[in-house]
Every structure is written in C-alpha cells, then in structure tokens.
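The values are calculated or read from the model by the stated rules, or taken from the named source; none is laboratory data. Being a predicted model, the structure only gives us computed values, none of them experimental. Here the Cβ positions follow ideal geometry from the backbone for every residue, glycine too, while neighbour counts run over all protein chains shown.
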Amino acid sequence: MSTSAPAPATTSLAWTVDESPLSIGPRVMPSRDFLAPLAGYTHLAFRRVIRGLGGLGLATTDLVQATLLLARRPRSLELIETDPHDIPLSVQIFGGKVGELAKAARLLESKGYQGIDLNMGCPMAHINGQGGGAKLMCDTDGACGLVEQVVNAVSVPVTVKMRLGWDSTRLNAPVLAREFERLGVAAVTIHGRTRAQGFHGSVSIDGIRAVVEAVDRIPIIGNGDVRTPQQALEMRQQTGCQAVAIGRGALLDPWIFQRIERAIRGENFDSPPSNEDQIAFLRQHFHLMYEQHADFSCLMFRKFAAWYGARLGVPEDLEDRLRRFESVEEFETIVDQIAARHGERETTVPTALIKVPNGPIEHW
Ligand SMILES: Cc1cc2nc3c(=O)[nH]c(=O)nc-3n(C[C@H](O)[C@H](O)[C@H](O)COP(=O)(O)O)c2cc1C
C-alpha cells in the first residue's frame with residue numbers, strides 16, 4: 001500500500017511570497033492585495049467599508065471618461081469622490097484622445113489625487129468604439145505615444161491596466177509592458193484574458209507570467225478569477241507577479257483581503273465572518289453610501305439586495321423590502337428584522353449575482 005503525503009491543512013498554510021512593502025512610484029502599499037475596479041460597485045462607500053475590514057492595498061475608482069471629467073459632468077465628479085480614509089487610491093481614466101487623457105490626468109493631479117490608472121482593458125464596444133479601453137492595445141505605437149504624454153503630463157505615478165492582447169493572435173501585452181516601463185509607467189495590472197475572451201474561459205497564468213518576465217523593475221499586478229486566499233497566493237507564486245488585483249472575488253467575499261493577510265501569517269483563514277459582522281458590514285455599507293448620496297442611496301442599494309439576501313440568508317420578504325425601502329429609518333427597521341430572523345433562510349455564496357456581458361463580444 002502506498003502512503004501518500006498528508007493533505008495540506010486548508011485552514012492555515014505556509015506561503016513563500018514576498019511580503020516586503022511594495023512601492024508604486026513613491027507610494028508604499030499597505031498590502032499586495034488590491035481591489036480591481038468594478039464599474040457600478042467599487043465606489044467610495046464600498047471601498048471604505050472593505051478597507052475597514054483590513055488587508056486591502058491599493059484601490060482604484062470605476063473607469064471615468066476623460067472627456068466627461070474635463071467637462072465636469074456631475075456623474076464623473078461623483079465617480080472620483082473620495083475622502084481621507086480612502087487611500088491609497090488611483091483614479092482610472094479612459095478615452096481614445098491623447099490630449100484629453102493628459103489634460104484629465106493634470107486635472108486630477110491638481111485636485112490632489114495621487115495616482116492615475118489608464119484603462120487599456122475594457123472590452124465594451126461603446127468604449128472600444130471611441131478608441132479607448134482594450135482597443136488601444138491594437139496600435140502599439142499609438143498606445144506608447146499616449147502613455148508617454150500622460151506620464152509626462154503629471155508627476156504622480158501613472159499605471160496601466162490592460163489585457164493580454166486583442167485576441168489570441170495578438171498577445172502584445174509583454175511588448176507593451178516593456179515599452180511602458182521604459183516610458184515611466186509605475187506599474188501594470190494585467191487581466192489574464194484577451195479582449196476577444198471577454199469574461200469567458202479562464203485566466204492564462206502563462207500569459208501573466210510572460211508580462212512579469214518582460215519588465216525589469218516595475219511591479220506587475222496579476223488579475224483575474226481570484227476568489228480565495230489560496231488562489232491569490234497561487235497567482236503570486238505561479239506568475240511571479242508582485243501583487244494581485246481582485247474584483248469579483250471581493251464582492252463575493254469582502255473579507256478576502258483580511259483572509260489573505262491571515263493566510264500569509266499562517267493563521268486560520270477559513271472561518272467565515274459571524275452573522276453580526278456581516279450585518280455590521282451591511283449597515284456600514286449603506287450608511288457610507290448615504291453620507292455621499294443621501295436619499296438616492298436607497299435606490300442605489302437595490303443593486304446589492306440580492307447579494308446581501310444570499311450572503312446573509314435574508315428571508316425573501318425582507319430581501320424584497322431591501323429592494324424597495326425609501327428612508328434610513330426604514331432601512332434600520334429592515335436590518336433589525338434581518339438580525340432577529342437570522343437562520344430562517346440558508347446562506348449561500350452569491351456567485352451568480354455579478355453580471356458580466358453575455359453573447360458575442362462584438363455586440364457588448
Ligand atoms: C461589472 C464589472 C465592471 C468592471 N469595471 C471595470 C472598470 O471600470 N475598469 C477596469 O479596468 N476594469 C473593470 N472591470 C474588470 C475588472 O477590473 C477585472 O479586470 C475583471 O473582472 C477580472 O478580475 P476578477 O475576476 O477579479 O473580477 C469590470 C468587471 C466587471 C465584472
């Protein structure tokens with residue numbers, strides 16, 4: 001009979017990843033686990049409530065269109081709202097016009113923002129149609145010219161978030177990352193899919209590693225499909241990337257950053273947050289949203305009702321009320337009832353609640 005090695009403990013693992021402080025330009029990150037931008041979700045209230053749980057390094061705003069930012073459109077100004085607790089933060093801008101991107105970066109620097117992230121990864125047709133997002137990757141010289149102008153326009157660090165390439169025949173992320181480094185970009189986040197893949201298929205570890213190997217000094221931040229502390233640390237080990245950015249995984253489990261920290265320390269990271277902690281998270285999330293958006297936050301919160309319903313096992317009638325409440329008082333009454341009726345409905349991991357576009361990518 002062969003004796004196999006004992007299975008590793010799932011609750012505490014020894015990882016050999018570099019946890020020395022990581023700098024992006026002059027900024028030292030509190031951890032190497034970053035929040036990837038998720039338009040519509042990763043606004044100020046969500047960033048703050050997640051930061052409060054611990055373990056989060058850099059966060060980035062939802063993508064903001066340079067043209068609209070320069071026009072001071074209220075919606076764009078709202079997207080870049082921040083506060084002294086919301087650091088370190090980068091503002092992500094997108095667009096296809098070099099001059100506007102450089103101007104928008106200057107505007108942000110003049111307002112005190114300490115990092116600019118350029119979006120070169122968005123696959124959506126209306127963004128690619130304006131020459132922005134992943135479309136920029138199709139023209140290496142154009143992308144480099146754009147990056148150079150933005151880097152030269154500001155003294156704060158400029159980073160780039162991109163995909164592996166437009167499709168599997170044009171995997172130019174390593175070439176671009178190398179050029180960007182030469183041009184003064186402070187770090188690159190690489191989502192390990194092509195634009196043609198959209199959100200389908202799985203992330204290519206080899207693709208991310210190729211970007212890591214292409215640069216000399218700047219940090220590469222691996223991104224895509226990280227849902228657990230194990231996966232975050234595996235991505236670091238398998239690709240050599242210096243940090244990971246977690247998007248959907250942070251919505252599924254806002255405690256993921258804190259859990260990664262515990263995993264690195266060799267502590268138990270499996271135990272789920274208590275019901276009380278989750279309810280406190282729910283209350284704080286809404287109250288922070290209310291600070292920023294007042295009564296409009298009742299409407300904004302609807303997006304999260306199903307998520308909290310599954311996560312907290314909220315009875316159906318209360319979940320429905322979370323979708324329709326109109327005041328802070330009503331919210332508090334609902335949450336008191338959620339707390340009192342804990343256990344009536346089974347809790348589940350709300351995997352299917354984050355919508356990504358479907359169908360042929362040309363129509364996105
Ligand atoms: C709903 C949604 C919104 C997104 N918004 C942005 C965005 O504003 N800027 C950006 O660079 N990427 C955006 N992304 C891509 C994510 O940042 C990330 O690269 C991708 O989801 C893969 O990482 P994940 O598996 O950890 O979510 C978005 C993704 C989703 C699903």
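The set of residues in segment 115-158 being assigned to a loop (DSSP other than H, G, I, E, B) and either of a type in the set (Phe, Trp, Tyr) or more than 13 Å from the ligand (Cβ to nearest atom) (or both) consists of Gly115, Gly129, Gln130, Gly131, Asp139, Val154, Ser155, Val156, Pro157.
For (1) crowded, with 19+ Cβ neighbours inside 10 Å; (2) within 15 Å of the ligand (Cβ to nearest atom); (3) at pLDDT below 95; (4) part of a loop (DSSP other than H, G, I, E, B), each residue gets a yes or a no:
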{"position": "Arg227", "(1), (2), (3), (4)": "no, yes, yes, yes"}
{"position": "Val244", "(1), (2), (3), (4)": "yes, yes, no, no"}
{"position": "Gln258", "(1), (2), (3), (4)": "yes, no, no, no"}
{"position": "Asp270", "(1), (2), (3), (4)": "no, no, yes, yes"}
{"position": "Gln278", "(1), (2), (3), (4)": "yes, no, yes, no"}
{"position": "His285", "(1), (2), (3), (4)": "yes, no, no, no"}
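Only residues that are surrounded by 18 or more Cβ atoms within 10 Å (Cβ to Cβ), part of a loop (DSSP other than H, G, I, E, B) and within 12 Å of the ligand (Cβ to nearest atom) were counted across segment 172-207, and they come to 6. Restricted to segment 84-114, and to residues there that are over 18 Å from Val156 (Cα atoms) and more than 16 Å from the ligand (Cβ to nearest atom), the residue that is farthest from the chain's Cα centre (by Cα) is Lys97.
Do you know which residues across segment 71-83 are touching a His at 6+ places or on another chain (Cβ under 9 Å) and away from the ligand (no atom under 13 Å from the Cβ)? Lay out the reasoning, then the answer.
Of segment 71-83, the ones touching a His at 6+ places or on another chain (Cβ under 9 Å) are 78-79, 81.
Listed by number, the residues that qualify are Glu78, Glu81.
Kindly establish whether Glu291 is surrounded by fewer than 21 Cβ atoms within 10 Å (Cβ to Cβ) and over 24 Å from Ala36 (Cα atoms). No: the conditions fail for Glu291.
Among the residues of segment 25-56, those that are part of a loop (DSSP other than H, G, I, E, B), away from the ligand (no atom under 14 Å from the Cβ) and touching a strand residue (DSSP E or B) at 6+ places or on another chain (Cβ under 7 Å) comprise Arg32, Gly55.
Can you find a residue in segment 60-70 that is outside any strand (DSSP E or B), more than 16 Å from the ligand (Cβ to nearest atom) and of a type in the set (D, E, K, R)? Taking every residue of segment 60-70 in turn, none turns out to be outside any strand (DSSP E or B), more than 16 Å from the ligand (Cβ to nearest atom) and of a type in the set (D, E, K, R).
Residues checked against (1) in contact with a helix residue (DSSP H, G or I) (Cβ under 8 Å, 6 or more places away or on another chain); (2) touching a residue at least 40 places away in the same chain (Cβ under 8 Å):
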residue: Thr228; (1), (2): yes, no
residue: Glu234; (1), (2): no, no
residue: Gln237; (1), (2): no, yes
residue: Ala245; (1), (2): no, yes
residue: Gly249; (1), (2): yes, no
residue: Leu252; (1), (2): yes, yes
residue: Phe257; (1), (2): yes, yes
residue: Ile260; (1), (2): yes, yes
residue: Glu267; (1), (2): no, yes
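Within segment 86-110, restricting attention to residues that are at pLDDT below 95 and either assigned to a loop (DSSP other than H, G, I, E, B) or in the same structural domain as His293 (by TED's automatic domain parsing) (or both), the residue that is surrounded by the most Cβ atoms within 10 Å (Cβ to Cβ) is Gly95.
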